[in-house]
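Enquirer: Mind looking over this structure? Questions follow.
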Amino acid sequence: IERVEERVKEYEDLISKLTIIAPSAGMITYKKDRLGRKRKAGSNIDPQDRVVATLPDLSSMLSRVYVSEIEVSRIKSGQSVSITIDAFPSKSYSGKVVTVSNIGEVLVNSDSKVFEVLIKLDGSDFTLRPSMTTSNIIAINILDNVTFIPKECVHTGTDGIPVVYTKNGVK
């Protein structure tokens, strides 16, 4: 009985040493194991990779988007981006393109190649969480002092020259 009690004490001592304490307060994200399952109480820890969870830096958020191979040549680092979060559609954020991948990839359930683009949000908003879905509009080109005419207003004359009729009927 003494040996069993001693072994129990050793195990209890070992368990107390296995308690993980975060270095600071905040939200944690659990790392997934090699099979893609989230680690939790009772999960086996690989001796080569002992990371169980991380504390994400919520003061600097990135949006990861995928751009088709047809459009990727128009995307450059530093371009302005307008971002909305699907969970908060009334809020709008701004950001800049940080990196554009050099190598394309085929995503699941897709036939075309896409390139990963990372966008850094300007400022911080602690209501945002990692892995939220975003909608991003990348400003490819900004034109100043131009007149915008909807395509539906442009007509082709009998001579093949495009024309637009003004409100008073003059071409």
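The values are calculated or read from the model by the stated rules, or taken from the named source; none is laboratory data. This is a predicted model, so every value here is computed, not measured. Every residue, glycine among them, receives a Cβ derived from its backbone with ideal geometry; neighbour counts consider all protein chains shown. What goes into the accessible areas is simple: the full protein's heavy atoms, side chains included, and nothing from ligands, DNA or RNA. Shrake-Rupley method; radii C 1.70, N 1.55, O 1.52, S 1.80 Å.
Enquirer: Which whole-number percentage describes the relative contact order of the chain, with Cα contacts under 8 Å and a sequence gap of 6 or more?
Expert: 19
Enquirer: Can you list residues from other chains, or at least 5 along the same chain, whose modelled amide H is less than 5 Å from the amide H of G104?
Expert: When sequence neighbours closer than 5 places are left aside, there are no close amide H contacts.
Enquirer: Which longest uninterrupted range of the chain lacks any GluC sites (Glu not before Pro) assigned by DSSP to a loop state (not H, G, I, E or B) and surrounded by at most 15 other Cβ atoms within 10 Å?
Expert: 72-171
Enquirer: Springs between alpha-carbon atoms under 10 Å, Gaussian network over the chain: tell me which of G95, G36, G104 tops the mean-square fluctuations.
Expert: Per the Cα network of the chain with a 10 Å cutoff, G36 tops the list.
Enquirer: At most 14 other Cβ atoms within 10 Å plus a DSSP loop assignment makes a site exposed; report the longest stretch of the chain without any exposed chymotrypsin sites (Phe, Trp or Tyr not before Pro).
Expert: 1-125
Enquirer: Run the dipole for the chain about the Cα centre, Lys and Arg Cβ at +1, Asp and Glu Cβ at -1, nothing else charged, and hand back the magnitude in debye, nearest 20.
Expert: So the dipole magnitude of the chain works out to roughly 200 debye.
Enquirer: Filter the trypsin sites (Lys or Arg not before Pro) in the range 71-128 down to the DSSP loop ones having no more than 16 other Cβ atoms within 10 Å, then list what survives.
Expert: Within the range 71-128, the qualifying trypsin sites (Lys or Arg not before Pro) (loop, at most 16 other Cβ atoms within 10 Å) are K76.
Enquirer: Calculate, for the chain, the solvent-accessible area per residue in square angstrom, rolling a 1.4 angstrom probe over the heavy atoms of the protein chains.
Expert: That works out to 82 Å² per residue.
Enquirer: I would also like to ask the following. Any chance you could give the angle, 0 to 90 degrees and rounded to 10, that helix 2-17 forms with the longest Cα principal axis of the chain?
Expert: The answer is roughly 30 degrees.
Enquirer: Measure off, as a whole percent, the carbon and sulfur share of the 1.4 Å-probe accessible area of the chain, all protein chains present.
Expert: Here it works out to 54 percent.
Enquirer: Where does each of T134, T99 land when they are ordered by accessible area, with a 1.4 Å probe and the largest first?
Expert: Sorted descending by solvent-accessible area, the residues read T99, T134.
Enquirer: Can you list the lysines whose alpha carbon sits under 22 Å from that of K31, skipping same-chain ones fewer than 8 residues off?
Expert: Hits, sequence-local ones excluded: K17, K40.
Enquirer: Sort V154, V67, V4 by accessible area with a 1.4 Å probe, largest first.
Expert: The most accessible residue leads, giving V4, V154, V67.
Enquirer: For the pairs K76/K113; K76/K120; K76/K96; K91/K120; K91/K151, flag any whose C-alpha to C-alpha distance is greater than 20 Å.
Expert: K91/K151
Enquirer: Going by accessible area, probe 1.4 Å, with all protein chains left in place, what is the ranking of R50, R129, largest first?
Expert: Largest to smallest exposure gives the sequence R50, R129.
Enquirer: Using the charge dipole of the range 89-166 (Lys, Arg: +1 at Cβ; Asp, Glu: -1 at Cβ; taken about the Cα centre), state which of T127, L107, I161 has its Cα farthest towards the positive end.
Expert: T127
Enquirer: If you count only protein heavy atoms and use a 1.4 Å probe, how large is the accessible surface of I20, to the nearest 10 Å²?
Expert: That residue has around 130 Å² of solvent-accessible surface.
Enquirer: Take the Cα atoms of the chain, build their convex hull, and give its volume per residue in Å³.
Expert: Convex hull of Cα atoms, per residue: 219 Å³.
Enquirer: Let me know the charge dipole size of the range 76-162 about its Cα centre in debye, to the nearest 20, where only the beta-carbon of Lys, Arg (+1) and Asp, Glu (-1) is charged.
Expert: 260
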